[in-house]
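Structure, as C-alpha cells:
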Amino acid sequence: MKMKIFLMLAGVALLASLRDSHACTNLIITRGASSDGSVMITYSADSHTRYGALSFYPAADHAPGTACEIYHYENGRLLGTIPEVPHTFSVIQFMNEHQVAIGETTFGGHDSLQSQPGAILDYGSLMKIGLQRAQTARELMKVITNLVAEYGYASHGESLSISDKNEAWIMEIIGKGKYEKGAVWVALRIPDGMVSGHANQARITTFPFQKVNNWDDATQTVYHSPDVISFAKKQGFYKGPDNAFSFSDVYNPVNFGGARYCDARVWSFFRKISGEIRENDDYTRYVMGNFDRHPSMIDKSPNPNGFVSNRLPLWVKPDAPVTLQQVMAAMRDHYEDTPLDMRHDPGAGPFALPYRWRPMEFTVDSVTYLNERAVATQQTGYSFVAQSRSGLPDPVGGIFWFGVDDADGCVYAPMYCGIRQVPESYAVGNGSMISWSETSAFWTFSQVNNWAYTRYNSIHPEIEELQAETENRFFTETAMVDQHAGELYLRNPGAAFDYVTAYSVYTGNKLVADWKAFYHYLFMKYVDGNMKVTQGRRLLDNGNGKNIPPSPKFPGYGKNWERIMIGGTGDRLVVPAQD
C-alpha cells in the first residue's frame, strides 16, 4: 500500500513538472462570438528554454522522391523522414497563407502512453507539416491523423486549437505508447457563437460516437479515432458503457493540479466574458481543487459516475461579442479581481507583483504550498492571436498578431499571413536563449519586462499605456492596409503579397527600435529605486541646461509593506524620539 501511494504521488509530481515545463494557454473564439466576424485562436508558448522568434517557411514545389526531415520541435533532434508532397504552402509560425491556424497545450496523460518506440512525428512537427499541406481546418486534422496512423506519435498528450476563416475546433490526442502504433483522438467543432479554451488539462469529456470520419461533410461536427473507446477498454483504462465514456476523465483524469494550475486559466477568461461562469460558485470551487463526485474508481477502473461533475463547460456563450482587444487582454491575465489574485499577499512584495517565480510548489515544515500559474507568465517565449477573416483574400484576411516574452508586457505586432519574409528583429537566428542580440525583439521586450518586475506598480502602468497606444495605432493601420491590399489583390496578387510583406516587416522592426528606446527611458527614470521627473516620456533637466535632473522622487515601499517590515523586525528599525 505504501509503495502504491508513493508511486501515485510520484506520478502527480511528474505531471506537475511536465505542466510547468511545457505549460501553455489557448483561447478559441468562433465567428459568431467575435465582434467583427473573425475566427480567433490564441497561443502562449510558455517554457523556460523557449526563445521568442518568428519562424517562416516559404511556399515550395518539391520533386518526386523528396524527403521531409522531421526534427523534434523542442530539442532539435532528427527523428526521421517522411515523403514530401508536391507543393507546400507558406507558414509563419503556426498560421499559413490560407488563414489556417493551430495552437497547442500539453496535458501529458497516462504514464504508459508517453513513449512510442519507432514513432517519428512529434506534436510540433505535426503542426508545421499540417499547415504546409492544408487549406482548411478539417483538412489539417485529416493530415495530422493520417500521418500519426502511418508514422506513429512521438509526444505527450496534446490539446490542439485549429481554425480557419469559418470554423474553430478543439482536438485532443494521445499516443498508444508501447501497445500499438499511432494515437487515439477526438475533435469537436466549437459551436458558432461560443468561446472555448484549454490550458494543459484535457477538456473533451463525453461526445457522440461517429460511425465514419467524413472529412468532406461540412455538417459533421465530431471526428474521432475508431478505437478511442475500445483501446481504453483493452488496456484496462475504462470499464463503463460507451455512452458514458469521457476522453479527459479516462486519458487525463483531472486532479488538483489539473484544476488549479491549468483549468483555472480558462476559468479566468470565461468569467470575464460570461456571467454564467462568473456567478457560479461551483466553478470557483472546482478551480480551487474542490471536486464534486462519487467514488471515482470501481475495480481499479474509472467509474463514470465518479467523474468530476463541477468541471468547467467546454465552451460558453459570451454575454457580448468579444473584441480583438479583449482577447489580447485575456492573454495578459493574472487572475486580477478573482480569489486567486496575486497582487495583495506578501508574495507580491512591496510593489504588487502579480508573478511568482518557479518552482510552482514549495515545502515549508513538511507542508507543501503552491505558486499560482496565471495565463501571463514570466517564462513565455512568444504568444499570438491568429485572426482569420472571411471577407478578404486569404493573404490579407489572416493576421498573425505576434508578441514575444511575457504577454503582459508584449506588443502584438500584425504579421499578415501572406508575407514572404519576416522582420529581421523577429527572425530565427537573431539571438537565442544563450546568445544576446541588441536587435532581437525577444531580448528587447525581455529587458523592459524584467525591469518592470523590480517596481511593477510604478513601471508597468507606463508599459500598459504605450502598449495600448501602439496596438491601437496598429488597429487603425491594418484597417487601411486591409482595404488597399484587398483591392490590389484583385488586380495584381503578387503586388498584394509584396505590400503586406513590406508593411509587416517595417512595422515589426520599427516596433523593436521604439521599444529599445523605451527601455532606455524606463531604466534612466527608475534607476536606484528613485523616480526622475519626466514629461511625455522625456526626462527633464533642472532648467540650467547642463543635463542635470531635478531632485527625483523617493517612492519608498508603501505603507502596507512598511507594516510588514515592522512586523518582521520588532523594534530594530525604531528611530528613538529626540529630546
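The values are calculated or read from the model by the stated rules, or taken from the named source; none is laboratory data. Quick caveat: nothing in here was measured; it's all calculated off a predicted structure. For neighbour counting, all protein chains shown are included, and Cβ atoms are generated from backbone atoms with ideal geometry for every residue, glycine included.
Some notes on this structure:
Residues checked against (1) at pLDDT 95 or above; (2) farther than 30 Å from residue 115 by Cβ:
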residue: 6; (1), (2): no, no
residue: 9; (1), (2): no, no
residue: 23; (1), (2): no, no
residue: 28; (1), (2): yes, no
residue: 46; (1), (2): yes, no
residue: 56; (1), (2): yes, yes
residue: 67; (1), (2): yes, no
residue: 73; (1), (2): no, no
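- Residue among 165, 128, 142 that is assigned by TED's automatic domain parsing to the domain that holds residue 110, under 16 Å from residue 186 (Cβ atoms) and surrounded by fewer than 24 Cβ atoms within 10 Å (Cβ to Cβ): 142
- Residue check, residue 193 crowded, with 19+ Cβ neighbours inside 10 Å and either in contact (Cβ under 8 Å) with a residue 40 or more places away in the chain or in contact with a Leu (Cβ under 7 Å, 6 or more places away or on another chain) (or both): no
- Entirely in the stretch 245-351, the helices (runs of 4 or more DSSP H) that have 3 or more residues that are at pLDDT 95 or above and either among the aliphatic types (A, V, I, L, M) or in contact with a Phe, Trp or Tyr (Cβ under 6 Å, 6 or more places away or on another chain) (or both): 264-273, 324-330
- Check on residue 233, surrounded by fewer than 16 Cβ atoms within 10 Å (Cβ to Cβ), charged (D, E, K, R) and over 19 Å from residue 160 (Cβ atoms): no
- Any chance residue 420 is surrounded by fewer than 22 Cβ atoms within 10 Å (Cβ to Cβ), closer than 20 Å to residue 328 by Cβ and over 18 Å from the mean Cα position of the chain (by Cα): no
- Single unsatisfied condition, residue 235 versus (1) of a type outside the set (Gly, Ala, Ser); (2) under 18 Å from residue 205 (Cα atoms); (3) over 21 Å from the mean Cα position of the chain (by Cα): (2)
- Filtered residues of the stretch 341-389 (kept if of a type in the set (Gly, Ala, Ser) and out of contact with any helix residue (DSSP H, G or I) (no Cβ under 6 Å at 6 or more places or on another chain)): 347, 348, 349, 366, 374, 381, 386, 388
- Number of residues in the stretch 58-74 that are part of a strand (DSSP E or B) and farther than 22 Å from residue 92 by Cβ: the value is 1.
- Scanning the stretch 357-391 for residues that are under 30 Å from residue 167 (Cα atoms), in a strand (DSSP E or B) and among the hydroxyl-bearing types (Ser, Thr, Tyr) gives 380, 382, 383, 388.
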